[in-house]
Amino acid sequence: MNDPLVIGGRTLESRLFLGTGKFPANAMIPEVIRRSGAQVVTVALRRVDFEAQEENILNYIDRKNCILMPNTSGARNAAEAVKIARIARAAGCGNWVKIEVINDNRYLLPDNYETIKATEILAGEGFVVLPYMSPDLAAARALVEAGAAAVMPLGSPIGSNRGLKMKEMIRILIEEIELPVIVDAGLGRPSHAAEAMEMGAAAVLVNTAIATAEDPPGMAEAFSLAVRAGRLSYLAGSPEVSRYARASSPLTGFLRD
Amino acid sequence: MSFYEQLTRCREQYSPDWVRKVRRQDVEKVLARDRLSERDFLILLSEAAEEYLEEMAVKARALTWRHFGRAILLYTPLYLANYCENRCLYCSFQAANKIRRRKLTPEEAEAEGRQIAATGLRHLLLLTGESRRHTPVSYLRECVALLSKYFASIGIEVYPLTREEYSLLIESGVDSMTVYQEVYDPDIYRELHPKGPKRDYRFRLETPERACQAGMWSVNIGPLLGLGPWPEEVFWAGLHAAYLQERYPDVEISISLPRLQPFIGNFVCRYPVSDLRLVQALLALRLYQPRLGITISTRERAELRDNLVGLGVTKMSAGSSTRVGGRLQQDSDEQFALADHRSVEEIRQMLYRKGYQPVFKDWHPLRGKEGSGWKGAQGRS
Amino acid sequence: MITVNGKKEPFPEGMSVGEYMSRRNINPGEYIVVLNDEVIKPEDWAETPIRDGDELQILVMLGGG
């Protein structure tokens with residue numbers, strides 16, 4: 001089936017983006033990537049903790065099959081996000097970036113305003129910018145204006161695994177925004193991912209639900225299937241049209257008499 | 001941005017090719033939405049949307065009930081005169097046609113008005129051709145002044161006036177104004193209006209706006225379907241309505257969808273609009289602008305009008321005649337042939353049968369002849 | 001004084017980035033080295049001097065969502 005997703009000039013077959021945080025062991029990651037079919041993988045930039053002996057995650061990601069998407073997690077404002085993005089690119093991580101500006105430590109909700117500022121700067125420097133945002137139509141429009149390659153509204157607050165609590169707001173974005181809408185954060189079950197895709201989301205980004213499952217590679221595959229099912233359902237013809245039930249005798253029947 | 005500029009922009013943005021490329025999925029997405037953009041409106045006018053007419057109809061009916069109730073406003077036209085300086089190629093009244101020219105005296109107008117009022121109608125539409133010489137604003141004011149004691153609402157469908165002239169008419173008792181652009185395509189417009197004041201495309205285009213600015217309560221616009229290509233003409237008419245409603249939210253904007261009918265003259269209709277397309281236009285307009293009034297006149301045959309009642313129409317003419325003095329005597333020519341000759345009473349019964357309330361009088365005018373009244377005649381700044 | 005990963009350290013006078021990394025047993029390519037917001041590639045470590053007041057960051061790509 002020919003239904004590619006084009007972002008930043010790259011053509012993607014898979015509409016499941018994978019986050020690599022919170023996994024019990026990095027060694028699991030190649031298998032998870034394979035089972036998920038993901039072609040876009042997010043990573044984070046951190047200061048080395050010399051006591052902890054952390055491994056470079058890039059050792060576990062095959063750049064031939066995956067687009068690397070560093071996120072700007074840790075940034076509390078636009079300036080910090082911009083710095084992180086530039087460092088990641090200069091270090092050879094490619095020009096894709098997920099902007100994540102969070103200065104709320106309780107709910108980890110993104111700061112749309114700083115995100116818009118960072119998007120404008122980085123898009124101007126040739127980055128392929130995918131901003132993580134709180135679903136808000138005005139902010140989404142500003143992100144489009146600022147040069148984002150897609151918008152990534154949260155489905156529910158990060159890590160909550162509560163599914164699509166932001167469903168109605170996301171629906172509005174899908175209807176009104178021309179760019180791909182990628183639901184990020186809060187998708188706890190494959191059925192949530194399917195729901196997002198059925199609504200018309202271009203893709204979903206999943207991390208916690210896979211990383212913290214009993215069997216992460218298995219859950220990765222489940223999400224992959226759910227994303228495909230949701231997408232196929234969307235393409236096969238939304239049953240939403242019959243939100244208004246057909247009248248018992250057709251109102252326009254007279255035209256065919 | 002003036003509407004003229006918006007229209008120019010739209011003509012560049014939306015090509016016939018764009019419309020041809022609309023797919024079923026595009027139509028379905030639009031049908032799932034509550035607020036439609038201009039782009040969505042055009043999608044509903046595409047060929048792809050033709051197979052969704054039933055879905056559009058169900059939704060349009062529900063929207064119309066929500067905003068207008070199950071009621072249809074009844075009104076009728078009264079032709080004051082058929083003198084005209086224009087030479088519109090498609091009209092019986094045009095200056096080059098040798099027809100019986102008539103003009104009612106204000107007293108004759110009052111007599112005909114009295115007859116109309118006897119049928120129960122309280123909303124009247126006064127029409128003339130375009131002739132400032134024969135039917136100047138002072139004449140119109142005189143007629144309106146005499147007729148206003150019989151009717152709750154008097155509308156005018158005459159030649160484009162200036163804002164000041166609309167203010168004067170409002171002072172006399174007019175509350176509603178109708179002007180049809182006829183055709184929005186400027187090239188076709190130029191071709192069809194070879195002579196006379198109507199040649200001024202932009203002046204005519206901006207007429208409804210002047211009326212809104214003068215303080216008119218309701219303003220009615222429309223394309224003459226068949227003069228220009230489908231679906232462009234309906235599209236631009238819809239945009240015009242949206243533009244006016246947005247700029248003048250306190251004015252009742254409505255649209256008519258007259259279709260070219262047989263008349264005296266040699267004009268051949270280049271873009272005939274089928275019943276299906278008329279319905280599609282009606283439904284698309286209702287979905288795009290839920291609060292837009294929609295009128296279907298007696299140009300259309302009775303069965304079709306009756307079917308359209310349930311699809312989004314909010315106003316209908318009844319007991320019509322398009323002759324000057326048509327209810328007094330028959331010695332003048334029709335502007336166009338009627339296809340629905342039913343009396344007011346017959347229309348009323350039809351509406352009851354369909355579960356609709358015929359509305360003869362929608363409001364009571366509190367303004368006195370002196371122009372007192374809470375809205376006054378000052379219009380807007 | 002210089003700052004390394006947020007912590008203050010005495011200024012290693014006369015040292016290049018390369019020498020500093022050697023002292024800390026950091027091999028080229030293992031981590032990302034950022035001096036005053038600029039990424040210093042391993043091939044440039046030897047020629048890049050550390051100045052007093054500089055901010056050095058030694059970063060790594062980790063898993064993230």
Accessible area per residue, Å², the protein assembly as shown with all protein chains present, probe 1.4 Å: 43
Antiparallel DSSP beta bridges within the range A:5-236, percent to nearest 5: 15
Net charge of neighbours whose Cβ lies under 15 Å from the Cβ of residue B:334, counting Lys and Arg as +1 and Asp and Glu as -1: +4
Across A:64/A:98; B:98/B:195; B:103/B:198; B:198/B:361, pairs whose alpha-carbon gap is larger than 25 Å: B:198/B:361
At least 50 Å² of accessible area lost relative to the chain alone, listed for the range C:48-63 with a 1.4 Å probe: C:59, C:60, C:61, C:62, C:63
Phi to ³J(HN,Hα) by Karplus 6.51 cos²θ - 1.76 cosθ + 1.60 over the range B:212-219, Hz, x for Gly, Pro: 4, 5, 6, x, 5, 7, 9, 10
Isolated Cys in the protein assembly as shown, by beta carbon distance under 4.7 Å: A:66, A:93, B:10, B:84, B:143, B:212, B:269
Trypsin sites (Lys or Arg not before Pro) restricted to DSSP loop in the range B:1-52 with at most 14 other C-beta within 10 Å: B:21, B:23, B:35
Gaussian network model of chain B, springs between alpha carbon atoms under 10 Å - residue of B:143, B:88, B:269 with greatest fluctuation: B:269
Selection of chymotrypsin sites (Phe, Trp or Tyr not before Pro), the range B:128-158, meeting DSSP coil and at most 11 other Cβ within 10 Å: none
Accessible area of the range B:1-142 belonging to carbon and sulfur atoms, whole % at 1.4 Å probe: 47
Percent accessible area from carbon and sulfur atoms, the range B:151-252, protein chains only, probe 1.4 Å: 48
Average Cα contact separation per residue, the range B:123-247, under 8 Å, 6 or more apart, as relative contact order %: 25
Dimensionless Rg/Rh of the range B:65-108 - Kirkwood Rh, Rg from C-alpha atoms: 1.25
Over 20 Å between alpha carbons, listed pairs B:29/B:315; A:22/C:7; B:59/B:354; B:29/B:59; A:117/A:167: B:29/B:315; A:22/C:7; A:117/A:167
List of the range A:42-78 residues, accessible area with partners at least 40 Å² below that of the chain alone (1.4 Å probe): A:44, A:45, A:46, A:47, A:48, A:50, A:54, A:56
Those residues of the range A:197-237 for which accessible area with every protein chain present is at least 30 Å² below the isolated value (1.4 Å probe): A:234
Long-range HN-HN contacts of residue B:256 with modeled amide H, under 5 Å: B:221, B:222, B:295
Sequence-separation-based contact order of chain A, relative, with Cα cut under 8 Å and 6+ spacing, percent: 18
Chain C, relative contact order in percent, only Cα pairs under 8 angstrom and at least six apart counted: 45
A versus C: buried accessible surface, summed, Å² (probe 1.4 Å, to nearest 100): 2100
Total accessible surface hidden between A and B, rounded to 100 Å², 1.4 Å probe: 1900
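The values are calculated or read from the model by the stated rules, or taken from the named source; none is laboratory data. Note that the coordinates shown come from a computational prediction; the quantities given were computed from them, not determined experimentally. Positions of Cβ are generated from backbone atoms using ideal geometry, with glycine treated the same way; all protein chains shown enter the neighbour counts. All accessible areas refer to the heavy atoms of the entire protein, side chains included, with ligands and DNA or RNA removed. Shrake-Rupley method; radii C 1.70, N 1.55, O 1.52, S 1.80 Å.
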